[in-house]
Amino acid sequence: MPDKKIRVLIAKPGLDGHDRGAKVIARALRDAGMEVIYTGIRQTPEMIAEAALQEDVDVVGLSILSGAHMALFPRIVGLLRENGLDDVLVVAGGIIPDEDVPALNEMGVEGVFGPGTPTDEIVDFIREQVS
Amino acid sequence: MTDELVAGILAGQRRAIARAITLVENDGSEAQAILAAIHSHTGRAHVVGVTGPPGSGKSTLVNDLALSFRRGSAGHPPRTVGIIAIDPTSPFSGGAILGDRIRMRDLAGDPGIFIRSMASRGSLGGLAWATADTVRVLDAGGYDLVFVETVGAGQAEVDIARTAHTTVVVEVPGLGDDIQAIKAGILEIADVFAVNKADHEGADHAVQVLQMMLDLNSSGPQAVMHHGRLMQVAATAGQTASTPAWRPPIHKTVATRGEGIDGLVEAIVAHRAYLEQTGNLVWRERERAASELETIIQQEALHRVLAHTDGRQLAGLIDQIARRELDPYAASQLLLNQPNQAYKG
């Protein structure tokens, strides 16, 4: 029967093709009762922002291993805001050096989860932020 | 807020459309207000269902079809396209992974296309509860064509036939023997067949089997499954002996290479024209309105009875039924005939 679900977009911006981590997260979020829109690899910032708009998601999860996060994430967050998605929670995972985290938080990537993060931690973070 | 959203939908604003679909999915009172307000602005879109077994290439076909309709061709102007892609909800966690967008990347960046992924949320007919109302939101939002891609369906998931004007059933070579094809179910709802992955062995055989099945069918009046009941199309208004019955055409496609798509597009357009010319479209709309009204009354009646029933009384009745002291029919009569059942709404 109808009820409210947390909707999450999982996307891999940029050119690296390693999507195992993104798939693990997608499954964990599904098992936590969320609806996960999985868009796959090689997504442009425009594609991600457009998908987030059409799918009216609560959360955008970005997975990146290429090192281009400081270039791509600001564009994605900017496009989301341009589309009027001010209340969307943006989280990220992958290979992201600790020293970049404060700057990412500053620009609106509110959660950064590196390799080895227990998936429960991510689920709890999303639930807390979205409710 | 509702007025603003309705105005946004009618102006084709994508953010408003997306928000409204979420409200419809979550089934709040605001959703009802929105649907009521847009009702008179719906009925323009051609709704095309795409169904078939898991892995038969439905998403890729929808991708190809959407591209083709966007482009337009001789005699067909380009059209805007809405897509609703449904994937199953896990019965264990209530969550879902919606992956149809992966196969629709060619459509990204086109403002004339709106894709919405939808979880089935426990609905078993191949659609979600909210699918029909989501079609309406996209219709009112100005999309000329709305594709509804069902959950990977096998034999019984036939709800799409009452939501879509034109149902495309996707088959692939080598799935089963001839008996599979003549079983009741999904094949009977087809207006158009696509035998996808036609570069695989057995494609011609699959086409032959479908042809044979259609030959067997063509003697009797055309029937469509509707709400689990069989409706005789030929017996309806506007249908006379001089209007030929529609025979579902069969098109071989290789969706990953875009082969056979033009033929499929032609068939979809031709089916819509057939529905209009024979008066079938009006009939289908009326049948849909009837079944929808029935569903709404059922839900509302249930809601009202329960609203006027004391929780403990209800639990007591349920216990009595479980202990075989009372039968469920008598219990429901008891609840329906309660004296304090003044309908307050």
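For region B:1-40, the square roots of the Cα gyration tensor eigenvalues, ordered a ≥ b ≥ c, give a/c of at least 1.5 with a/b no greater than b/c, which places it in the oblate category.
Starting from the Cα of B:His303, move 7 Å in the Cα-to-Cβ direction to define the label point; list residues of region B:1-39 whose amide nitrogen is under 11 Å from there. What the label zone holds, given the 11 Å backbone N cut-off, is B:27-33. Which shape class applies to chain A: rounded if a/c is under 1.5, otherwise prolate when a/b exceeds b/c and oblate if not, where a ≥ b ≥ c are the square roots of the Cα gyration tensor eigenvalues? Rounded shape, in that the Cα axes give a/c under 1.5. Between B:Glu292 and A:Asp98, the C-beta separation translates, for a Förster distance of 51 Å, into a calculated FRET efficiency of about 0.35. Looking only at B:Glu259, B:Glu300, B:Glu157, which one moves most when chain B is put into a Gaussian network model with springs between Cα atoms under 10 Å? Top of the fluctuation ranking is B:Glu300.
For the protein assembly as shown, the square roots of the Cα gyration tensor eigenvalues, ordered a ≥ b ≥ c, give a/c of at least 1.5 with a/b no greater than b/c, which places it in the oblate category. Of the residues B:Ala203, B:Ala290, B:Ala85, which exhibits the maximal mean-square fluctuation in a Gaussian network model of chain B defined by a 10 Å Cα contact cut-off? Of B:Ala203, B:Ala290, B:Ala85, the Gaussian network model singles out B:Ala290 as fluctuating most. You can think of it this way: the chain between A:His18 and A:Met107 has 29.5 nm of extra reach, that is 0.36 nm per residue less the Cα-Cα gap.
Taking the number of Cβ atoms within 10 Å of each Cβ as an exposure proxy, the fewest-first ranking of A:Leu85, B:Leu98, B:Leu23 is A:Leu85, B:Leu23, B:Leu98. When peptides B:306-319, A:51-64, A:86-99, A:18-31 are ranked by their average number of other Cβ atoms within 10 Å per residue, the highest-first order is A:51-64, A:18-31, A:86-99, B:306-319.
Rg and Dmax, both from the Cα atoms of region B:55-101 and both in Å, are 14.8, 49.
Per-residue mean of foreign Cβ neighbours for A:14-22 is 0 (Cβ atoms of other chains, 10 Å radius).
Full extension of the chain between B:Glu276 and B:Arg71 yields a length gain of 71.4 nm, computed as 0.36 nm times the residue separation minus the alpha carbon distance. The lysine pair count for the protein assembly as shown, using Cα distances under 17 Å and pairs eight or more places apart or on different chains, is 4.
Taking each DSSP H run with n ≥ 4 as -39500 (n - 2.57) and averaging over every residue of chain B yields -13500 deg cm²/dmol at 222 nm. Annotation: extensible slack from B:Arg44 through B:Gln333 equals 99.8 nm (criterion: 0.36 nm per residue apart, minus Cα-Cα distance). Dividing the summed helix terms, -39500 (n - 2.57) for each DSSP H run of n ≥ 4, by the number of residues in chain A produces a 222 nm estimate of -13000 deg cm²/dmol to the nearest 500. Taking every residue in A:37-46 and counting other chain Cβ atoms within 10 Å of its Cβ, the average works out to 5. The charge dipole of chain B, taken about its Cα centre with unit charges on the Cβ of Lys, Arg, Asp and Glu (plus for the first two, minus for the last two), comes to roughly 540 debye. Put in order of Cβ neighbour count within 10 Å, fewest first, the listed residues B:Glu171, A:Glu121, B:Glu287 become A:Glu121, B:Glu287, B:Glu171.
The mean number of Cβ atoms from other chains found within 10 Å of a Cβ in peptide A:48-54 is 5, as a whole number.
Amide H contacts of B:Gly49 (H built 1.01 Å from N, in plane; Pro and chain starts excluded): B:Val148, B:His165, B:Thr166, B:Thr167, B:Val168 sit under 5 Å, all sequence-distant by 5 or more or on other chains. Taking B:Gly174, B:Gly263, B:Gly52 as the candidate residues, the one with maximal mean-square fluctuation in a Gaussian network model of chain B, Cα springs under 10 Å, is B:Gly174.
Rule-based calculations on the coordinates, nothing more; no lab input. Please read all numbers here as calculations on a predicted model, not as lab measurements. Cβ coordinates were reconstructed from backbone atoms using ideal geometry, including for glycine residues, and neighbour counts include every protein chain displayed.
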